[in-house]
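The structure appears right after this line, and notes come after that.
The values are calculated or read from the model by the stated rules, or taken from the named source; none is laboratory data. Remember, it's a predicted structure, so these values are computed and weren't measured experimentally. Using ideal geometry, Cβ is built from the backbone for each residue, glycine included, and neighbour counts are taken over all protein chains shown. These area figures cover heavy atoms from the full protein model, side chains too; ligands, DNA and RNA do not enter into them. Shrake-Rupley method; radii C 1.70, N 1.55, O 1.52, S 1.80 Å.
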Amino acid sequence: MSRSYSFRVPASTSNLGAGFDALGLALDRYLRVNVEIETLTRRFAAASPKGRGPCEGVKHEIVVRGVDAASIPTTSDNLILRVAKSVAAQRKRPLPPFRITIDNEIPLARGMGSSAAAIIAGITCYELGTKERLSEQEIFHYAHEFEPHPDNLSAALRGGLITATESANGDVLIAKMQVADGVKPIVVIPAFELSTEKARAVLPQTYSRRDAVYNIQRSALTIAALTTGNLLLLREAMRDRIHQPYRAALIPGFEEILALTIPGLLGVALSGSGPTVFAFTKPANAKSAGRAIASVFEKHGVRATPLAVNIDSEGRSIAEGER
């Protein structure tokens, strides 16, 4: 009988407008992974020449299904596998051969935390393959080699609304909060990719004190609005001067989207570094608000897909099975 594990890691949106590199929110679109270990270990060990270790010369197998499956490598370039191997090398532990089946629901390079989910998935594959559970700080230590910002990583790992920061000694400090009732998240996903590197490259190296204070005030107001239920504050709270004005030129129609005033649209922002647009709406208006945002994209020649989503409150979830 062989052991198999399945787990999922949620998508995430970050910044929420003014909370640049600080605020994150997990969403109910998932990177789902099934890991099969012992069957392949026995099969490959039996096929290996005598005197060789059970992992030597053995390739890890990857099967991919779902959203953007054709763009997800099944070779050693796969981010999940790269992360798992990196952790194993640093901890000097053999990584056994395994087969992973990926069922992906998170669009790539759209500002919905696909890389963060894959990084957490890679660390999870290491943990399951070696039967060594890592502490939260160890997870962030290894994750930061691939993603230096804690907001998406924290949301992917812990779920919910989080604020995250890195202390002077390198520890990641997380506060997880409960979002009040009466708000519905939506995402509108345009049909083009925007790499985080390109979106970061347009940002200035320094900011004025006035702009820094502007964002500090609104970031705090965003947390207050979401946790107390004073949702009418979100329109102002999610305004930003740190990243969105500089990224607007990369996203056709984005400034027009920010200016939308339609029933039930409580607050709107880039999802992470974009190009997906994220918004909080009243539940009854979620579909119409999504269509209105998509229509602006389409007016500027960009096809876009609106989705009403839910907040994922669980984060990474692991299940074990026998078969």
By how many degrees, 0 to 90 and rounded to 10, does the Cα axis of helix 209-228 deviate from the longest principal axis of the chain? 80
For I80 the rounded accessible area (nearest 10 Å², probe 1.4 Å, non-protein molecules ignored) is 10
Which trypsin sites (Lys or Arg not before Pro) from the stretch 82-122 combine a DSSP loop assignment with at most 13 other Cβ atoms within 10 Å? K92
Only four residue types carry charge here, +1 at the Cβ of Lys and Arg and -1 at the Cβ of Asp and Glu. Report the dipole size of the chain about the Cα centre in Debye, rounded to the nearest 20. 400
With θ set to phi - 60° and the Karplus curve 6.51 cos²θ - 1.76 cosθ + 1.60, what are the ³J(HN,Hα) couplings of the stretch 24-37 in order, to the nearest whole Hz, using x for Gly and Pro? x, 9, 7, 10, 8, 10, 10, 9, 9, 9, 10, 10, 10, 10
Indicate the gyration tensor shape class of the stretch 166-299 (rounded, prolate or oblate), computed on the Cα atoms with a ≥ b ≥ c the square roots of the eigenvalues: a/c under 1.5 is rounded; otherwise a/b larger than b/c is prolate and the rest oblate. oblate
Inter-part distance where the stretch 15-31 and the stretch 94-163 are each reduced to a Cα centre, Å: 15
Probe 1.4 Å - accessible area at S76, Å² to nearest ten: 80
Helix 114-130 vs. the chain, principal-axis angle (Cα, 0 to 90°, nearest 10): 30
Using the alpha-carbon atoms, what tilt in degrees (0 to 90, nearest 10) does helix 79-91 show relative to the longest principal axis of the chain? 60
Give me the distance in nm between label points sitting 7 Å out from Cα along the Cα-to-Cβ direction at S208 and M177, one decimal. 2.7
Along Cα→Cβ, 7 Å out, is where each label goes; now give me the distance between the ones at Q137 and S167 in nm to one decimal. 0.6
Most positive-pole-ward Cα, A18, T130, A259, against dipole of the chain from beta carbon charges: T130
Test item: Cα-centred dipole of the stretch 251-323, Lys/Arg +1 and Asp/Glu -1 on Cβ, debye: 280
Where the centre of each part is set by its Cα atoms, how far does the stretch 256-323 sit from the stretch 185-199, in angstrom? 11
Just want the answer: with Cβ charges of +1 for Lys and Arg and -1 for Asp and Glu, which residue in I311, T281, H300 is farthest toward the dipole's positive end in the stretch 260-323? H300
Enter the accessible area of I123 (Å², nearest 10), with the probe set to 1.4 Å and all protein chains included. 0
For the stretch 74-233, give the magnitude of the charge dipole about the Cα centre (Cβ charges: +1 Lys/Arg, -1 Asp/Glu; no others), in debye to the nearest 20. 100
Under a 1.4 Å probe, what is the accessible area of the stretch 137-261 per residue, stated in Å²? 49
Within the chain, how many Lys pairs sit with Cα atoms under 18 Å apart, leaving out pairs fewer than 8 places apart on the same chain? 6
With runs of 4+ DSSP H residues as the only contributors, calculate the mean residue ellipticity of the chain at 222 nm using -39,500 (n - 2.57) per run, divided by the residue total and rounded to the nearest 500. -10000 deg cm²/dmol
Could you bin all the Cα-Cα distances of the chain into 10 Å bins starting at 0 and give me the percent of pairs in each, rounded to whole numbers? 6, 26, 32, 21, 10, 4, 1, 0
